[in-house]
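The structure under discussion appears below in the form of structure tokens.
Any read-out appearing in this document is the output of simple, stated calculations on the displayed coordinates, not a laboratory observation. Since the structure is predicted, the reported quantities are computational estimates derived from the model, not experimental observations. Virtual Cβ from ideal backbone geometry, glycine too; neighbours counted across all protein chains shown.
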Amino acid sequence: MKRILVVDDEPSIVMIMEEFLSEEGYEVHTAMDGDKALAMVDSEIPFDLALVDLRIPGVSGKEIIHKIRQTSRLEGMPIIVITGFEKNSEDFPPENSYQSLFTKPFMLEDILEEIQRLSN
Amino acid sequence: MLSEAEKYNLFLENLPDAHASHRVIWSEAGNALNFEFISVNKAFEELIGASKEEIIGKNIEDVLSSIRYLGFDWFGLCEKALSEKRRILVETYSEPLKRWYEVTALYIEDNYLITVLRDITRHKRIENQLQESQTLLRKYIDDAPMGIHVIDTEGYIVDTNPRGFRLLGYTRKNLIGLNVCDIADNNWIEYFKYILQKLKSFGYASTEVLAVTSEEEKRWFDLYGVNLNKSLHLIFFIDITERKKTEENLQKSEEKFRTLFDKSSNAIMIHDKDTGEILDANEVALKTYGYNSLEELKKDTFRQESPYSFNEALEKIQKTYLEGPQQFEWLSMTKNADYIWEEVRTNVINIDGEECVLGTGINITERKQLEKNQRHFIQLCAHELRNPMTGIRGIFSLVRKRLAKGQPSEEATKFLGHAEREIDRLSNIINQIMEVFKEQAEQSRELNYKWQVLELGEILSRVVIAAQPMSSNHKIELDMNVEDEIWINGDPERLEDVLRNLISNAVKFTPDGRKIVISMQTEKDWAVIKVQDEGVGIPEEHLHHVFKSFFRSENFIEKDPGGMGLGLYLSKEIISRHGGSIWAENNPGRGSTFYIKLPIYYSEEGDWQ
């Protein structure tokens with residue numbers, strides 16, 4: 001079973017993603033703030049993919065992505081950035097540090113398709 | 001050896017003047033009948049064009065027809081000299097010879113006369129020329145465009161030309177006899193005396209003076225004085241009143257420009273149109289760019305224009321000169337390397353005959369910052385709107401999937417309930433955003449604020465009473481502590497909104513059964529309202545952020561998931577508009593306190609309303 005990390009501070013989004021992706025057969029782990037997300041990255045869980053919102057309380061999404069890329073255990077793990085902001089250089093991680101970008105409000109079906117493409 | 005008589009005859013014979021002696025021929029009645037030529041000299045022969053032999057022994061009347069006409073009454077002249085027994089002198093002009101002669105009939109004794117003719121043509125010519133030039137001079141003086149006065153060494157006016165007396169509003173008669181000091185302006189009398197002294201000592205003076213006409217009008221003159229002779233001076237008066245007025249006006253307009261330049265609330269700099277060099281800058285410019293003196297700024301011309309390059313600045317200056325006024329936004333760097341945005345307007349002006357480029361800078365850094373904040377706010381709004389929309393979309397996906405699988409509709413209904421809540425949230429967000437926009441728009445236009453003098457305690461009581469049902473639901477005690485009446489100038493509805501927001505926040509974050517203390521008191525010229533709760537408090541690092549738009553502390557999210565983080569932001573805007581401040585502190589024990597400080601209103605008598 002593929003493991004997915006979902007980082008977002010929006011309770012409804014986290015809840016819906018969890019519900020939707022679980023039904024598709026994924027093991028979903030969630031983090032609603034930066035500290036929790038970092039703890040997940042540091043944990044032993046071998047994630048296959050991460051969905052990261054850039055604006056979350058505490059440590060920013062950009063920093064979390066940076067941390068993931070420095071973690072050898074998660075080397076090559078695809079990252080999908082989800083954001084409610086327009087693309088700007090300040091808050092955004094370097095382009096080569098993530099695989100795709102979805103702007104809210106996205107379609108769960110589109111995300112799923114991308115997850116399937118990236119994790120195969 | 002020649003006798004004395006012979007020597008004398010020789011002298012007469014060679015005299016350059018024509019010379020003739022006559023014997024008088026008397027009638028019996030004792031009248032002179034005629035004058036007989038006794039002797040003539042060589043010059044005489046030449047003058048009349050006849051020889052000695054032809055005239056000696058003959059009467060004047062008899063030879064007149066055969067000698068050259070000399071243009072005078074010879075007989076009459078001799079007769080007059082004889083009857084008056086003295087020398088008679090006439091001047092005559094000989095048309096054939098084209099020469100002037102001075103003719104003297106000299107009475108020697110009753111029977112004897114001498115006539116002498118002296119050629120005075122040259123003398124006459126000089127005299128005529130002199131007279132002519134004197135007439136001409138008089139004409140020049142009379143027609144001169146400047147006043148000319150002849151004064152004596154004491155300063156008394158001896159003569160004056162028409163221009164001279166008219167300029168001063170006098171007739172010639174009235175002016176002659178006055179002293180030049182009499183036409184001086186009261187403050188200039190001493191100076192006039194000094195000029196007279198100078199004329200006397202150096203024979204020359206040149207200066208500007210202020211004189212007064214007979215009609216008490218002050219007029220400016222250029223005065224030149226020269227010596228005419230030992231006892232007279234000539235002074236020229238040139239009216240320069242108009243020029244002086246123009247100069248004065250120019251100076252006034254220059255002063256006006258200087259005042260505008262100095263007192264302007266905008267930064268103004270004047271640049272050389274070719275090099276861009278700063279020629280002048282006003283106080284505001286120096287202050288804006290952080291310089292102490294113009295010299296210091298001038299030295300830094302190149303740096304001042306950055307972060308744009310100096311060439312870009314020069315281009316603007318030259319474009320102004322070639323194409324006319326320009327207007328643009330410009331990022332300047334101060335001496336301390338701070339950036340300021342300016343709206344710059346340039347134009348060409350003429351300073352002391354030099355075309356320069358004048359630039360006016362209005363500091364729009366704040367406006368730029370505001371624009372940036374607004375952009376940021378809009379981005380935040382978009383972000384906040386996208387979150388619930390994402391949720392709603394997600395729910396659609398889930399419901400669609402369940403329906404496709406034919407799963408029980410209860411589950412779908414549950415999800416649709418979620419969607420409904422998300423939609424409520426969405427509209428709540430939109431309402432609050434609209435509130436903020438409205439507030440900002442009204443602030444910028446000062447519209448819709450209903451200012452009035454009001455008693456703050458009354459408003460506070462109203463809000464606390466309205467909050468009672470909500471607090472009693474949570475068994476929270478609302479303790480109100482108000483000293484005296486405090487009057488302020490404000491918008492009651494908006495202040496109520498702020499207080500309601502603070503109190504309802506306090507209720508939300510205070511656990512059931514605890515207490516909230518609301519108090520109002522004066523501190524110097526301020527009214528201070530405190531809302532003190534016994535809740536969870538605010539993380540130290542968030543104390544300053546809670547008033548920012550869309551800020552939500554984790555505590556907030558937990559306790560008030562529908563909250564937008566705009567309530568406190570809006571409160572801060574409203575309190576600022578009232579000239580007050582709002583802030584939060586954590587209590588030493590538990591919970592936090594929100595403070596509002598508003599300026600007390602004093603009536604004109606200095607008392608409270």
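Data for the structure
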read-out: Chain B: relative contact order as a whole-number percent, Cα under 8 Å and 6+ apart; value: 5
read-out: Most positive-pole-ward Cα, B:SER253, B:PHE221, B:SER231, against dipole of segment B:212-281 from beta carbon charges; value: B:SER231
read-out: Magnitude of the charge dipole, chain B, Cβ model with Lys/Arg +1 and Asp/Glu -1, debye to 20; value: 2060
read-out: Coil-residue GluC sites (Glu not before Pro) of segment A:19-120, DSSP, other Cβ within 10 Å capped at 13; value: A:GLU44, A:GLU75, A:GLU86, A:GLU90
read-out: Which of B:VAL180, B:LEU286, B:ALA211, positive extreme of dipole for segment B:154-310 (C-beta unit charges); value: B:VAL180
read-out: Whole-Hz ³J(HN,Hα) from phi, Karplus 6.51 cos²θ - 1.76 cosθ + 1.60, for segment B:324-333, glycine and proline x; value: x, x, 10, 9, 7, 9, 9, 9, 9, 10
read-out: C-alpha center-to-center spacing [segment A:7-38, segment B:193-229] in angstrom; value: 104
read-out: Unit charges at the beta carbon, dipole of segment B:328-438: most positive-side option, B:ASN347, B:LEU370, B:ILE429; value: B:ILE429
read-out: Loop-located GluC sites (Glu not before Pro) in segment B:142-223 whose Cβ has at most 15 other Cβ within 10 Å (DSSP); value: B:GLU154, B:GLU215, B:GLU216, B:GLU217
read-out: Sum of side-chain charges, B:ILE395 neighbourhood, beta-carbon under 11 Å (Lys, Arg +1; Asp, Glu -1); value: +3
read-out: Those aspartates and glutamates that a straight Cα-Cα span of less than 15 Å connects to B:LYS508, excepting residues fewer than 8 apart in one chain; value: B:GLU477, B:ASP533, B:GLU534, B:GLU554, B:GLU558, B:ASP560
read-out: Set of lysines with alpha-carbon distance to B:LYS58 below 24 Å, sequence-local pairs under 8 removed; value: B:LYS42, B:LYS80, B:LYS85
read-out: Student exercise, the protein assembly as shown dipole from Lys, Arg, Asp, Glu Cβ charges, in Debye to nearest 20; value: 760
read-out: Mean Cβ neighbour count within 10 Å, used as a protection proxy, ranking B:582-591, B:249-258, B:157-166 highest first; value: B:157-166, B:582-591, B:249-258
read-out: Kirkwood estimate for chain B, i.e. one over the average of 1/r between Cα atoms, Å; value: 37.7
read-out: Mean residue ellipticity (222 nm) of the protein assembly as shown, computed from DSSP H runs ≥ 4 via -39,500 (n - 2.57), nearest 500; value: -13500 deg cm²/dmol
read-out: Number of partner chain Cβ atoms within 10 Å, mean per residue of B:220-232; value: 0
read-out: Segment B:239-355 - charge dipole about Cα centre, Lys and Arg +1 at Cβ, Asp and Glu -1, debye rounded to 20; value: 260
read-out: Net +/- balance of residues flanking A:SER72 in space, Cβ distance below 15 Å, scoring K and R +1, D and E -1; value: 0
read-out: Rounded to 5, the percent of DSSP beta bridges in the protein assembly as shown classed as antiparallel; value: 85
read-out: Counted charge near B:ILE240, where neighbours are those whose Cβ lies closer than 11 Å (Asp, Glu -1; Lys, Arg +1); value: -1
read-out: Inter-chain shielding of B:381-387 (mean C-beta neighbours from other protein chains, 10 Å cut-off); value: 5
read-out: Set A:LYS62/A:LYS87; B:LYS438/B:LYS572; B:LYS198/B:LYS245; B:LYS263/B:LYS287 screened for pairs whose C-alpha atoms are more than 18 Å apart; value: B:LYS198/B:LYS245
read-out: Average Cα contact separation per residue, segment A:1-60, under 8 Å, 6 or more apart, as relative contact order %; value: 47
read-out: Within segment A:12-120, trypsin sites (Lys or Arg not before Pro) in DSSP loop having at most 13 other beta-carbon neighbours inside 10 Å; value: A:LYS87
read-out: Relative contact order (%) - criterion: Cα under 8 Å, at least six apart; region: segment B:217-262; value: 31
read-out: Value of Rg to Rh for the protein assembly as shown (Rh from inverse mean 1/r over Cα pairs, i.e. Kirkwood); value: 1.50
read-out: ³J(HN,Hα) computed for each position of segment B:46-56 - Karplus, 6.51 cos²θ - 1.76 cosθ + 1.60, integer Hz, glycine/proline x; value: 5, 5, 8, x, 8, 8, 3, 4, 6, 10, 5
read-out: Partner chain coverage, peptide A:107-114 - average Cβ within 10 angstrom; value: 3
read-out: Residue-wise HN-Hα coupling along segment A:30-47, computed from phi with Karplus coefficients 6.51, -1.76, 1.60 (Hz; x: Gly, Pro); value: 10, 9, 9, 8, x, 5, 4, 4, 4, 4, 4, 4, 6, 5, 8, 5, x, 5
read-out: Angle between chain B longest axis and helix B:456-473 axis [Cα atoms, degrees, rounded to 10]; value: 20
read-out: Nonlocal amide H pairs with B:ASP159, under 5 Å, H built at 1.01 Å; value: B:VAL150
read-out: Segment B:PHE310-B:GLU585, extension gain: residue separation times 0.36 nm, minus the distance between their alpha carbons; value: 94.1 nm
